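Written out below as structure tokens is the structure these notes cover.
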Amino acid sequence: MSPSESSVPIENVLGIPICAMTMDQVSSLVDRAIADRNRLQIGVVNAAKIVNMRRNEALRDDVMSSDIILADGASVVWASRMLGRPLPERVAGIDLMLRMFRSGNENRYRVFCLGATDDVLEKATARLVADYPNLELVGWHNGYFRTEEEPTVADQIIAAKPDILLVAMSSPKKEKFLARWSEKLNVPVCHGVGGSFDVLAGKVQRAPERWQRLGLEWLYRLLQEPGRLWRRYLVTNTIFCGLVFLEFLRGIPGRFKRNFEGP
């Protein structure tokens, strides 16, 4: 089910075809993929990843191999509106994961968790089982394996026959894994969720809803881990703003022409 082969609306933002759907609509898309046993590989982008996709062609190819790409960051939604290609709302990867859990609890979906450390994974899966007792946790594996171990990990996932595969590894490792293996795994829904297991395990605290609504979740994370994240946000956010501004300037002649000529 690729965007070009389905009714999924798309907005092109900085050269990336981003799914222009609400959380409710994407959640329904997930349920339909599971019911129909169709593959739905979900990719997510924020400001940092868009910048890194410009620098790393392999990462770009891996993200673009997704069936749908979602705006994980509020900055991407703001950029889409500034550029005249508005996305309806942010669909954060962690929020979509939690929606999958709630739907899975109602429909007894089978879930496989891949990623994080053994300690984090143990705490995250324990909470998952406690909070969603009707959801079937059919397997898990940490995210610290070598490339040559990937076939063994893939075989474990195939044997578990999950409806949903959650990949909680950092970029570009999760994108590379899904690009290489998603077709062979025969899992209807594959979703890269980054550091979401750290939040589920209580290792990292997520920003309060007010911060999220203001688009300041990145700042809340920075305040928690300044040593690790300051350079990433300073550099990539600055470059991202520059890319949006240049794209805005390129579009001015077209907007002026449309206004001059009228409808």
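Could we say that Val189 is modelled with pLDDT of 95 or more and over 26 Å from Asp36 (Cα atoms) here? Considered against the rule, which asks whether it is modelled with pLDDT of 95 or more and over 26 Å from Asp36 (Cα atoms), Val189 comes out as no. Within the stretch 54-66, the set of residues being in contact with a helix residue (DSSP H, G or I) (Cβ under 7 Å, 6 or more places away or on another chain) and within 15 Å of Asn12 (Cα to Cα) comprises Arg60, Val63.
The conditions of being crowded, with 20+ Cβ neighbours inside 10 Å, out of contact with any Gly (no Cβ under 9 Å at 6 or more places or on another chain), under 21 Å from Leu185 (Cα atoms) and small (Gly, Ala, Ser) are met by Gly104. Within the stretch 11-22, one or more residues are surrounded by fewer than 20 Cβ atoms within 10 Å (Cβ to Cβ), modelled with pLDDT of 95 or more, more than 27 Å from Leu229 (Cα to Cα) and of a type in the set (Val, Ile, Thr). If you check Glu225, Glu217, Glu150 for being under 19 Å from the mean Cα position of the chain (by Cα) and not hydrophobic (A, V, I, L, M, F, W, C), only one passes: Glu217. Exactly one residue out of Ala74, Ala116, Ala47 is crowded, with 23+ Cβ neighbours inside 10 Å, aliphatic (A, V, I, L, M) and out of contact with any strand residue (DSSP E or B) (no Cβ under 8 Å at 6 or more places or on another chain), and it is Ala47. Tell me, yes or no, whether the stretch 223-241 has at least one residue that is of a type outside the set (Gly, Ala, Ser), loosely packed, with under 13 Cβ neighbours inside 10 Å, over 24 Å from Ser75 (Cβ atoms) and modelled with pLDDT of 90 or more. The answer is no, given that none of the residues of the stretch 223-241 is of a type outside the set (Gly, Ala, Ser), loosely packed, with under 13 Cβ neighbours inside 10 Å, over 24 Å from Ser75 (Cβ atoms) and modelled with pLDDT of 90 or more.
This table checks each residue for (1) touching a residue at least 24 places away in the same chain (Cβ under 8 Å); (2) β-branched (Val, Ile, Thr).
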residue	(1), (2)
Ser196	yes, no
Ala201	yes, no
Glu209	no, no
Trp218	yes, no
Leu222	no, no
Glu225	no, no
Trp230	no, no
Thr236	yes, yes
Ile239	yes, yes
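Every condition in (1) in contact with a strand residue (DSSP E or B) (Cβ under 8 Å, 6 or more places away or on another chain); (2) farther than 20 Å from Arg99 by Cβ holds for Glu136 except the one numbered (2). Picking from residues in the stretch 146-191 that are free of Cβ contacts under 8 Å to residues at least 40 places away in the same chain and among the charged types (D, E, K, R), the one that is surrounded by the most Cβ atoms within 10 Å (Cβ to Cβ) is Lys173.
The values are calculated or read from the model by the stated rules, or taken from the named source; none is laboratory data. All values derive from a computational prediction rather than experimental measurement. Glycine gets a Cβ as well: all are built from the backbone with ideal geometry, and neighbour counts include every protein chain shown.
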